[in-house]
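The structure under discussion appears below in the form of structure tokens.
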Amino acid sequence: MLLLLASATDFEISETATWLSNHTVGLNALKAKLLITGIGQLQTSYALQNKIRFERPNFVIQAGIGGAATKEEIGKVYAIGSEEIADLGVMEKAGFSNMFDMGLDNPDRFPFSEGKLKNPYQFLLEWTGLTVLDGITVNEIKSSDFADFQRNRAPVVESMEGAALHYVCLMEQVPFLQIRSISNLTGDRDKSRWKLKEAIKSLHETLVHLIQKLEKADETLFRI
């Protein structure tokens, strides 16, 4: 089984990369390869698709840190069940309209479902043992939240690469997970209040746990 562990930057998974290099003997039939995609949707999409086309993995985990709406979520690790591209659209006087609101695309045209990029591998999401939240992907990190996404909604996790993972893996029909550790509140640009070290430590511990579980798994894990 080939696992592709992808992250936007080195520092987000540096501990896990070191752990993997020291534990290759114990991985049995599981082979794990790292992919640093770069930041944002464009770089992530290209890097993932290029890797999948030339060295198709059985499973992709995208791991990284992200922002969330409440302090209670900081330091916790979540699996992402669906992604929305939060800032693809038009800002008008009446507010923000995305491409589906404007009728430019069908919100149920594959790989979208109800305007979201949903992870269909529900058994895989449950297997993680993590709380599953929705995600939003942005191109611009703002000092204020995307109110339309925060108001009257369940908690969401903000990143700059999540939608790219979901889109590419859905199109290429590769099982995937997005794992996010929360380092900060969305809209908070004061990095002195961010918990980067804590978030990265929690992410590393979660990844090691999942990889060790994956050693004992078989292809039935990836059924839809």
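The values are calculated or read from the model by the stated rules, or taken from the named source; none is laboratory data. The structure presented is a predicted model; accordingly, all values stated were derived computationally and were not measured. Note that we place each Cβ from the backbone using ideal geometry, even for glycine, and neighbour counts take in every protein chain shown.
Structure above, values below:
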quantity: Selection status of Asn98, over 25 Å from His204 (Cβ atoms) and either in contact with a helix residue (DSSP H, G or I) (Cβ under 6 Å, 6 or more places away or on another chain) or polar (S, T, N, Q) (or both); calculated: yes
quantity: Residues located in region 96-130, provided they are touching a residue at least 60 places away in the same chain (Cβ under 8 Å) and either in contact with a Leu (Cβ under 9 Å, 6 or more places away or on another chain) or part of a loop (DSSP other than H, G, I, E, B) (or both); calculated: Phe110, Pro111, Pro120, Tyr121, Phe123, Leu124, Trp127, Thr128, Leu130
quantity: Top-ranked residue of region 134-161 - restricted to ones that are more than 12 Å from Gly67 (Cα to Cα) and aliphatic (A, V, I, L, M), ranked as modelled with the highest pLDDT; calculated: Ala154
quantity: Check on Lys31, touching a strand residue (DSSP E or B) at 6+ places or on another chain (Cβ under 6 Å), surrounded by 16 or more Cβ atoms within 10 Å (Cβ to Cβ) and more than 20 Å from Lys201 (Cα to Cα); calculated: no
quantity: Hey, Ile52 aliphatic (A, V, I, L, M), over 24 Å from Ile182 (Cβ atoms) and crowded, with 18+ Cβ neighbours inside 10 Å or not; calculated: yes
quantity: Output for region 191-224, where each listed residue is in contact with a Pro (Cβ under 6 Å, 6 or more places away or on another chain) and aliphatic (A, V, I, L, M); calculated: Ile224
quantity: Single residue of region 40-79 satisfying the filter (β-branched (Val, Ile, Thr) and farther than 18 Å from Gly187 by Cβ) that is farthest from the chain's Cα centre (by Cα); calculated: Ile52
quantity: All positions within region 85-119 that are charged (D, E, K, R) and in contact with a Ser or Thr (Cβ under 7 Å, 6 or more places away or on another chain); calculated: Lys116, Lys118
quantity: Residue list for region 179-196, restricted to those being within 18 Å of Phe11 (Cβ to Cβ), outside any loop (DSSP other than H, G, I, E, B) and in contact with a strand residue (DSSP E or B) (Cβ under 9 Å, 6 or more places away or on another chain); calculated: Ile179, Arg180, Ser181, Ile182, Ser183, Asn184, Lys191, Leu196
quantity: Test for Ile61: is it among the β-branched types (Val, Ile, Thr) and at pLDDT 95 or above; calculated: yes
quantity: Test: residue in region 31-48 that is in a strand (DSSP E or B) and touching an Asp or Glu at 6+ places or on another chain (Cβ under 6 Å); calculated: yes
quantity: Lone unmet requirement of (1) over 19 Å from the mean Cα position of the chain (by Cα); (2) part of a helix (DSSP H, G or I) for Val90; calculated: (2)
quantity: Filter result for the condition that a residue is out of contact with any Pro (no Cβ under 6 Å at 6 or more places or on another chain), surrounded by fewer than 19 Cβ atoms within 10 Å (Cβ to Cβ), at pLDDT below 95 and under 17 Å from Ala164 (Cβ atoms), over Asp87, Asp101; calculated: Asp87
quantity: Candidate set from region 184-217 (those that are under 21 Å from Thr18 (Cα atoms) and of a type in the set (Gly, Ala, Ser)); member that is surrounded by the fewest Cβ atoms within 10 Å (Cβ to Cβ); calculated: Ser202
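Here's the yes/no breakdown for (1) over 20 Å from Met160 (Cβ atoms); (2) under 17 Å from the mean Cα position of the chain (by Cα); (3) hydrophobic (A, V, I, L, M, F, W, C):
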site	(1), (2), (3)
Thr9	no, yes, no
Glu15	yes, no, no
Leu20	yes, no, yes
Leu30	yes, no, yes
Gly38	no, yes, no
